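Engineer: My questions will all concern the structure given below.
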Amino acid sequence: MEDLKSDRILEIKDDISNELRKAGYAEIGACIQCGNCTAGCPSGRRTALRTRSIIRKAILGLEEVLSNKELWLCTTCYTCLERCPRNLPITDMIIFLRNLAVQRGYILPNHLNLCRMFYDTGHGVPINDEKWNIMRESYGVSRVPPTVHTHPKYVKEVQELISSVGFDKTITWGKYAKKEEKAEQK
Amino acid sequence: MFYPNLIRERETIMSEKNLRYSLYLGCVIPNRYPFIEQSIRNTFKELGIELVDMQGASCCPAPGVFRGFDIATWLVIGARNISIAEENEADITLGCNGCYATLLEVNHQLKHDKEKRDMVNKHLAKIGREFKGTIEVKHLIEVLYYDFGIDKLKDYVKIKFPDLRVGVHYGCHIIKDSSHRPWGGEFEEPRFFDELVEITGAKSIDYKDKLMCCGAGGAVRTASLEVSLDFTREKLENMRKVSVDCCMVCCPFCHLQMDLGQMQVNDKFKDIIGESYKLPIIFYNQLLGLAMGMNPGDLGLVAAHDLKGVPPFISIQPFMEKIKEQMV
């Protein structure tokens with residue numbers, strides 16, 4: 001009789017699970033795959049996101065855990081973390097897996113644009129139209145809020161920090177993504 | 001981990017001091033929902049709680065979005081924001097669950113992990129700032145419930161609204177991760193927000209999946225608007241089934257999702273929802289202010305402009321009518 005052939009998992013790499021361990025998430029190995037996380041997941045009710053499966057793939061070091069778009073459908077509501085019978089910080093692990101995904105280039109164009117906005121203005125949702133200033137005044141609060149919007153020097157501070165950490169590299173790469181998108185639209 | 005007895009201890013310590021906080025605004029409150037800012041500033045003034053602005057504060061940065069992209073950037077920018085409050089020598093208070101998650105978590109991690117703090121301070125030194133770890137981060141709901149004290153707050157209530165049926169929406173990050181939150185580890189059936197609503201005489205009506213997420217967080221609204229709106233549709237349907245007069249929130253991103261998102265649900269899901277949803281979304285300080293006898297015009301409940309395409313997208317008039325009926 002012929003041996004069974006592995007046609008599902010072609011190669012088990014351990015770098016993703018090792019990265020998790022290095023980042024202080026060694027307890028991922030304690031996952032018993034009970035599925036409590038998936039059962040309580042409000043996103044999994046309506047999408048293909050399966051938290052248990054994400055953790056399993058991460059343990060096996062499968063690259064697809066990072067390339068699957070489902071990784072970005074978790075709203076970080078923390079229900080899985082609270083209910084995990086092994087007390088695993090599942091949501092924090094998902095956030096860390098997203099970091100690994102971004103480092104390997106798996107990021108949605110919309111998210112890159114958001115990074116760009118953050119770099120340019122210091123806000124995820126900035127005042128980008130005068131109507132917001134007028135609206136503020138109409139509610140009796142200062143026309144410009146006492147935030148980074150008051151002076152360009154504050155935005156500079158934020159940008160210096162982003163560059164100092166090295167996250168600007170991801171954002172520059174966002175500019176390319178934008179160009180490619182525009183080229184596609186043409 | 002916080003425990004109830006610790007909380008009580010902290011409460012008594014706080015009540016002996018004058019209450020003074022750095023007000024962290026975030027992004028959505030000042031830049032899209034300024035009427036929430038008006039209601040926070042005016043109710044706190046009325047309660048005698050001093051608020052100091054945080055000059056030059058940026059995005060917290062958002063815990064689902066930017067923390068998901070790069071944890072180191074999230075820590076460093078979060079620490080910069082905290083350092084502004086440290087200069088003010090006043091604990092942070094804020095009205096956004098997302099900002100709460102970020103600043104509470106960053107503050108906690110940097111206070112307890114010297115390696116991380118050194119890394120962060122190396123970067124902050126380049127712009128002449130430092131994270132010292134001298135302050136605490138508190139949601140304004142926490143300030144009202146513990147620091148000011150819900151019992152003392154009851155004395156400020158002048159008008160009660162017993163006919164008002166409220167669907168309370170906590171949002172996720174005010175409760176969870178519960179090990180770092182001041183609610184005694186409770187995450188399945190918290191009561192603090194319901195209690196705060198009920199001191200106004202209003203009734204907090206239980207509804208299916210009350211603690212479910214609004215759908216906006218974790219970068220999902222940006223990743224897939226449709227998935228995020230489907231959460232909102234489900235919440236709206238569950239609240240419609242118990243016929244509430246309004247949905248009460250304590251987070252501007254939930255507010256945006258339930259308000260702007262409600263309009264989008266009415267459009268995108270019109271074939272399956274039947275009648276359009278018309279549920280007014282109210283921020284807690286707006287209701288509290290009304291109960292304290294304050295003018296609706298000081299609580300962001302009256303729009304004195306003729307701008308188009310600005311919140312609230314779902315009319316709050318049905319809520320105001322209900323309030324007026326009970327004021328007579």
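The values are calculated or read from the model by the stated rules, or taken from the named source; none is laboratory data. These numbers come from a predicted model, not from an experiment. Cβ coordinates were reconstructed from backbone atoms using ideal geometry, including for glycine residues, and neighbour counts include every protein chain displayed.
Engineer: Considering only residues that are part of a helix (DSSP H, G or I) and either surrounded by 22 or more Cβ atoms within 10 Å (Cβ to Cβ) or within 14 Å of another protein chain (Cβ to nearest Cβ) (or both), look in segment B:166-195 and name the one that is modelled with the lowest pLDDT.
Structural biologist: Restricting to residues being part of a helix (DSSP H, G or I) and either surrounded by 22 or more Cβ atoms within 10 Å (Cβ to Cβ) or within 14 Å of another protein chain (Cβ to nearest Cβ) (or both), the top hit is B:180.
Engineer: Can we say residue B:201 is on the phi > 0 side of the Ramachandran plot and more than 14 Å from chain A (Cβ to nearest Cβ)?
Structural biologist: Values: on the phi > 0 side of the Ramachandran plot: yes; more than 14 Å from chain A (Cβ to nearest Cβ): yes.
Yes: the conditions hold for residue B:201.
Engineer: Also, I was wondering about something else. Tally the residues that are within 19 Å of residue B:61 (Cβ to Cβ) and either at the interface with another protein chain (Cβ under 7 Å from one of its Cβ atoms) or exposed (fewer than 14 other Cβ atoms within 10 Å of the Cβ) (or both), restricting the search to segment A:127-151.
Structural biologist: Looking only at segment A:127-151, we keep the residues that are within 19 Å of residue B:61 (Cβ to Cβ), and these are A:127-128, A:145-150.
Then keep just the ones that are either at the interface with another protein chain (Cβ under 7 Å from one of its Cβ atoms) or exposed (fewer than 14 other Cβ atoms within 10 Å of the Cβ) (or both); that gives A:127-128, A:145-148, A:150.
Number satisfying all stated conditions: 7.
Engineer: So which residues in segment B:91-120 are farther than 15 Å from residue B:25 by Cα and either among the small types (Gly, Ala, Ser) or surrounded by fewer than 18 Cβ atoms within 10 Å (Cβ to Cβ) (or both), if there are any at all?
Structural biologist: Listed by number, the residues that qualify are B:108, B:109, B:111, B:112, B:113, B:114, B:115, B:118, B:119.
Engineer: Could you please find all residues in segment A:83-115 being basic (Lys, Arg) and either part of a loop (DSSP other than H, G, I, E, B) or touching an Asp or Glu at 6+ places or on another chain (Cβ under 9 Å) (or both)?
Structural biologist: So in segment A:83-115, the residues basic (Lys, Arg) come out as A:83, A:86, A:98, A:104.
Once the filter is applied, which keeps residues that are basic (Lys, Arg) and either part of a loop (DSSP other than H, G, I, E, B) or touching an Asp or Glu at 6+ places or on another chain (Cβ under 9 Å) (or both), segment A:83-115 yields A:83, A:86, A:104.
Engineer: When you go through (1) closer than 18 Å to residue A:119 by Cβ; (2) within 21 Å of the chain's Cα centre (by Cα) one by one for residue B:137, which number turns out not to apply?
Structural biologist: Here residue B:137 meets the rest and fails (1).
Engineer: State yes or no: is residue B:44 closer than 23 Å to residue B:305 by Cβ and either buried (at least 24 other Cβ atoms within 10 Å of the Cβ) or under 15 Å from the mean Cα position of the chain (by Cα) (or both)?
Structural biologist: On the way: closer than 23 Å to residue B:305 by Cβ: no; either buried (at least 24 other Cβ atoms within 10 Å of the Cβ) or under 15 Å from the mean Cα position of the chain (by Cα) (or both): yes.
When the stated conditions are applied, residue B:44 does not pass them.
Engineer: Output the qualifying pairs, or none if there are none: Cβ atoms under 7 angstrom, residues six or more apart or on different chains, first residue in segment A:45-60 and crowded, with 23+ Cβ neighbours inside 10 Å, second residue part of a loop (DSSP other than H, G, I, E, B) and at pLDDT 95 or above.
Structural biologist: A:49/A:41; A:49/A:43; A:49/A:74; A:51/A:41; A:51/A:44; A:55/A:31
Engineer: Oh, and also: Do we have any residue at all in segment B:274-292 that's within 20 Å of residue B:157 (Cα to Cα) and of a type in the set (D, E, K, R)? Please lay out each step first, then the result.
Structural biologist: Step one: filter segment B:274-292 for residues within 20 Å of residue B:157 (Cα to Cα), giving B:282-292.
Remaining after also requiring of a type in the set (D, E, K, R): none.
Checked against the condition, which is being within 20 Å of residue B:157 (Cα to Cα) and of a type in the set (D, E, K, R), segment B:274-292 yields no hits at all.
Engineer: Does segment B:79-123 hold any residues that are in contact (Cβ under 8 Å) with a residue 24 or more places away in the chain, over 22 Å from residue A:23 (Cα atoms) and assigned to a helix (DSSP H, G or I), and which are they?
Structural biologist: Of everything in segment B:79-123, those that are in contact (Cβ under 8 Å) with a residue 24 or more places away in the chain, over 22 Å from residue A:23 (Cα atoms) and assigned to a helix (DSSP H, G or I) turn out to be B:80, B:81, B:82, B:83, B:84, B:85, B:86, B:88, B:97, B:98, B:99, B:100.
Engineer: Right, next: One residue is enough: does segment B:283-304 have a residue meeting the conditions within 21 Å of residue B:207 (Cα to Cα), in contact (Cβ under 8 Å) with a residue 40 or more places away in the chain and away from chain A (no Cβ under 14 Å)?
Structural biologist: Here is the first cut: in segment B:283-304, the ones within 21 Å of residue B:207 (Cα to Cα) are B:283-284, B:287.
Subset that is in contact (Cβ under 8 Å) with a residue 40 or more places away in the chain: B:283-284, B:287.
Keeping just the survivors that are away from chain A (no Cβ under 14 Å) gives B:284, B:287.
Yes, there is a match, as at least one residue in segment B:283-304 is within 21 Å of residue B:207 (Cα to Cα), in contact (Cβ under 8 Å) with a residue 40 or more places away in the chain and away from chain A (no Cβ under 14 Å).
Engineer: Could you please let me know if residue B:163 is at pLDDT 95 or above, surrounded by fewer than 19 Cβ atoms within 10 Å (Cβ to Cβ), closer than 22 Å to residue A:24 by Cα and not β-branched (Val, Ile, Thr)?
Structural biologist: Details: at pLDDT 95 or above: yes; surrounded by fewer than 19 Cβ atoms within 10 Å (Cβ to Cβ): yes; closer than 22 Å to residue A:24 by Cα: no; not β-branched (Val, Ile, Thr): yes.
When the stated conditions are applied, residue B:163 does not pass them.
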